[in-house]
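Taking it in order: structure first as structure tokens, then the write-up.
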Amino acid sequence: DAAIAVASTLSVVEPESSGIGGGFMAVLHRAEDGRNVFIDARETAPAAVDPKDYLKPDGSPDRETSLDGPLSAGIPGEPAGLVLIAKRYGRLSLQQSLAPAIRIARDGFKPDPRLHESIAGEQKALRRWPASAAKYLVDGQPPAADAIWRDPGQAHTLELIARHGDDGFYRGETAHKLVDAVRAAGGNWTLADLAGYQAKERTPISVDYRGYRIITAPPPSSGGVAIAEVLNILSGYNLAGMDKVQRVHYVVEAMRRAFRDHNDYLGDPDFVKMPLDMLLSPYYADGLRQGILPDRATPSSMLPRADPADAGMHTTHFSIIDADGNMAAVTLTVNTILGSKFVAAGTGVLLNNEMDDFALVPDKPNAYGLLGSKANAPAGGKRMLSSMSPSIVIGPERTMVIGSPGGSTIITQVLEGILNFIDGESAQQIVAHKRFHHQYLPDVVMVEPGTFDPATSAALEKMGYTLKQREPWGFMNVVTWNRETNRLDAASDPRRPSGLGEVQ
């Protein structure tokens, strides 16, 4: 119930990162019977998707089409996912859980500076679409910093979902308005696309590492497979007994191999047969480990190089543990900042731009520099691969709920958070920890300022690594539970420049 309330409220006050026009992935733990379940509310491609719409005349990816406007939007999954959670796992009615979001949308709130900055940065794209300009701009300009914002269109759409469940969004009034708006602006959605959408329950991935059980996201997330593969590789080493240089070396080499498999194998499990038994096998990890030299980096030279975009802090995550021990790790997204920038007239719904997460052009990078194969090629009704990695970690005495935004860095952020938790760090230490990231291609280790001291950096470069400093990334939110003392601790990433909007 709390997860539904938080997710729907974020749709109103944090549209740059998530919303009912996007999707989410969640790992839930039910205390009464110990059930763990993965909720897949990932967006899907419309049936009429045509890869040629995302190509320039020279055959290269057309980022404008895949990132801005109605052709960039997949069929939203968040409304169906919230309805599913309420029906199967909630105690309160959907009307009760959506009430805070409806009230805030109707009565107003003061947005935080990050939303203002997002609108200012995307104002040119927002002006292209009349309903987007009407929702986010005042006389064609970003609104004043102290303005009270109201969102009656989204309030009405949320009310229809509260009253009618899936039918309040995927059929009837809202569905007709969504399809009319998308098609009028050059998109290709149909009423059948919306009516056919289903949120799904899937079995989460579970992996054991150093006496801890990690419960994480399966495909169409790539995150859980990659995290499990890295941990299986690292299980053959005594990281605690190593100096920092050796520890980073082995972690990066494990990341490198997991991301290579990410690029080659993973996609929507309803469309693609994936060798998950192999990828998750400790024997496969043993073989990968044999190729890691103790004193040298392994070059990533199998695919063309690609430069990743800055990870940023779009997408969002929250972690919840309640008084009964129920848990929710929920990562939500509209993809890049303010998604497609396209608001469907009459609905208040800002649409995602998740079509860019498909391998629209095989072996060409998406907005996060990730490459893909035909396993993640677009097809009608198919879910695009995601890096979202909501996870729950259960140890002998302590439990953690963790996740973060950050594009492809989500996977390595959550991995590093898990390793730090197992090493005994607190929630605050985990979210504040300096981060590093490697994703196979480009063959660089991305580092935050201050991650490594000069001696460590020099030693890694001597081993053959190229270090590239980037601005801090991610917005991790962690809850830990010491079950022996029954103490809960929660921490929010200090990289976030400000809090959420002030509710009126």
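The values are calculated or read from the model by the stated rules, or taken from the named source; none is laboratory data. It should be emphasised that the depicted structure is a prediction, and the values quoted were computed from it without experimental measurement. Glycine also receives a Cβ, built like all others from the backbone with ideal geometry; neighbour counts cover every protein chain displayed. In case anyone asks, the SASA skips ligands and DNA or RNA and just uses the protein heavy atoms, side chains included. Shrake-Rupley method; radii C 1.70, N 1.55, O 1.52, S 1.80 Å.
Worth a mention:
- FRET efficiency for the pair Lys124 and Arg183, taken as 1/(1 + (r/R0)^6) with r the Cβ-Cβ distance and R0 = 22 Å, rounds to 0.40.
- Taking 0.36 nm per residue of sequence separation and removing the Cα-Cα distance, the Lys52/Ala458 pair yields an extension gain of 141.6 nm.
- Long pairs among Lys52/Lys177; Lys52/Lys468; Lys200/Lys382, criterion Cα-Cα beyond 23 Å: Lys52/Lys177; Lys52/Lys468
- 40 Å tail of the calculated P(r), the chain, as % of Cα pairs: 17
- Whole-percent carbon and sulfur share, accessible surface of the chain, 1.4 Å: 52
- Per residue accessible area in Å² of the stretch 399-500, where ligands, DNA and RNA are left out and the probe is 1.4 Å: 36
- Only Lys, Arg, Asp and Glu carry charge here, each on its Cβ (+1 for the first two, -1 for the last two); on that basis the chain has a dipole of about 200 debye about its Cα centre.
- Taking a straight Cα-Cα cut-off under 12 Å and skipping sequence neighbours fewer than 8 places away in the same chain, the aspartates and glutamates within cross-link reach of Lys87 are Asp1, Asp166.
- Taking a ≥ b ≥ c as the square roots of the eigenvalues of the alpha carbon gyration tensor, the stretch 56-121 is oblate, as a/c is not under 1.5 and a/b does not beat b/c.
- Neighbourhood net charge (10 Å Cβ-Cβ; Lys/Arg +1, Asp/Glu -1) for Gly346: -1
- Relative to the longest principal axis of the Cα atoms of the chain, the long axis of helix 409-422 lies at roughly 60 degrees.
- Full extension of the chain between Phe271 and Ala134 gives 45.4 nm of extra length, using 0.36 nm per residue less the Cα-Cα distance.
- Proximal lysines to Lys56, defined as alpha-carbon separation beneath 22 angstrom and excluding residues fewer than eight positions away on the same chain: Lys124, Lys341, Lys364, Lys374
- Rh (Kirkwood; distinct C-alpha pairs) - the stretch 397-504, Å: 15.2
- Share of alpha-carbon pairs per 10 Å distance bin for the stretch 1-88, given as whole %: 15, 37, 26, 16, 6, 1
- In nm, spacing of pseudo-spin labels at Asn486 and Met242 (7 Å Cα→C-beta vector): 4.1
- Amide H to amide H, with H built 1.01 Å from N, Ala377 comes under 5 Å of Ala359, counting only residues 5 or more places away or on other chains.
- Modelled spin-label separation between Gln290 and Glu64, with each label point placed 7 Å from Cα along the Cα-to-Cβ direction: 5.2 nm.
- Across the chain, the relative contact order, built from alpha-carbon pairs under 8 Å that are at least six residues apart, equals 22 percent.
- Only Lys, Arg, Asp and Glu carry charge here, each on its Cβ (+1 for the first two, -1 for the last two); on that basis the stretch 1-109 has a dipole of about 520 debye about its Cα centre.
- Modelled label positions at Arg163 and Arg35, each set 7 Å beyond Cα in the direction of Cβ, lie 3.1 nm from each other.
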